[in-house]
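Here is the structure we will look at, set down as structure tokens.
What follows draws every value from the coordinates through simple rules; no lab data is involved. Predicted model, so just to flag it, every value in this text is computed and none were measured. When we count neighbours, we look across all protein chains shown, and the Cβ atoms used for this are built from the backbone with ideal geometry, even at glycine.
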Amino acid sequence: MRFFIVRHGETLWNTEGRFQGQRDTELDERGIRQSERVAEYLAGHKFDAVTSSPLKRALFAAERIAETCGAGSPEIIPGFTEINHGDWEGLLSSEVKLRWPDLMEMWHTAPHTVIMPGTGGESLRAVQIRAVASAAELAEKYSGDVCIAAHDAVIKALMCHFLNAPLSSFWSFQIANCGLSIVEVTEGRPPRMSLMGDAHYLDGGGNFSLPEQKGL
């Protein structure tokens, strides 16, 4: 079976460099257009299921994809919810850097060692455990292609797992809003990444430079 993994469309907080985490933020106009573009790109593809994080910025893309593919209503998977940034949520990256300079430095140099400060704050390992468990349940349930609409940290944590890479590799991946990755999962064989972060169907498809990710 294969996982078609789609990151949600752009939000205003993405462009501002604001940590959104589990805040249920709205897509901006470009994010809506990106979600529609990826749905158009996948139109007609047969999915056993289209699944999504419960956050509406991911669910919007899942709903559009399910509609163009005739897949029915998306299945909500809590395990694919974005990382909880704790006290960082709602703050600009510049504000976080001023208030938690040492932890911010660790987040960018040794992300696998960081537990987000404040109530509910998560580590990447915690995110990976719940996301991988959710993907494993889907792999047991379905034999064909499954679409997952999720978030930056969740997708990178899944990639580290599928590629057998340490979570210290987190920043080695860059996934555009509504970028598409495909992972082939076959019992008895290691997972194989056949596509990573493809975004040629989006605005500026010939632009090979992505903006720096300041918040997730």
**OP:** Highest first, please rank the peptides 47-56, 63-72 by the mean number of other Cβ atoms sitting within 10 Å of their residues.
**Re:** 47-56, 63-72
**OP:** Work the Kirkwood hydrodynamic radius out for region 65-112: mean of 1/r over every pair of different alpha-carbon atoms, inverted, in Å.
**Re:** 13.8
**OP:** Could you calculate the contour length gain from S194 to T119, that is, 0.36 nm times the residue separation minus the distance between their Cα atoms, to one decimal place in nm?
**Re:** 23.2 nm
Original post:
Got a sec? How would L91, L180 order by Cβ neighbour count within 10 Å, fewest to most?
Top reply: L91, L180
**OP:** Return the distance in nm (one decimal) between the two label points of a simple spin-label model at E26 and A136, each offset 7 Å from Cα along Cα→Cβ.
**Re:** 4.0
**OP:** For a footprinting-style exposure proxy, rank C160, C178 by other Cβ within 10 Å, fewest first.
**Re:** C160, C178
**OP:** Neighbouring Cβ atoms within 10 Å as the yardstick, rank F80, F19 fewest first.
**Re:** F19, F80
Original post:
Shape of region 1-152 from its Cα gyration tensor (a ≥ b ≥ c, root eigenvalues): rounded if a/c is under 1.5, otherwise prolate when a/b > b/c, or oblate?
Top reply: oblate
Subject >> For peptides 185-194, 128-137, sequence by mean Cβ density within 10 Å, most packed first >> reply: 128-137, 185-194
Original post:
From the phi of every residue in region 79-86, what ³J(HN,Hα) in whole Hz does the Karplus formula 6.51 cos²θ - 1.76 cosθ + 1.60 yield, where θ is phi - 60° and glycine or proline is x?
Top reply: x, 9, 5, 4, 4, 7, 7, x
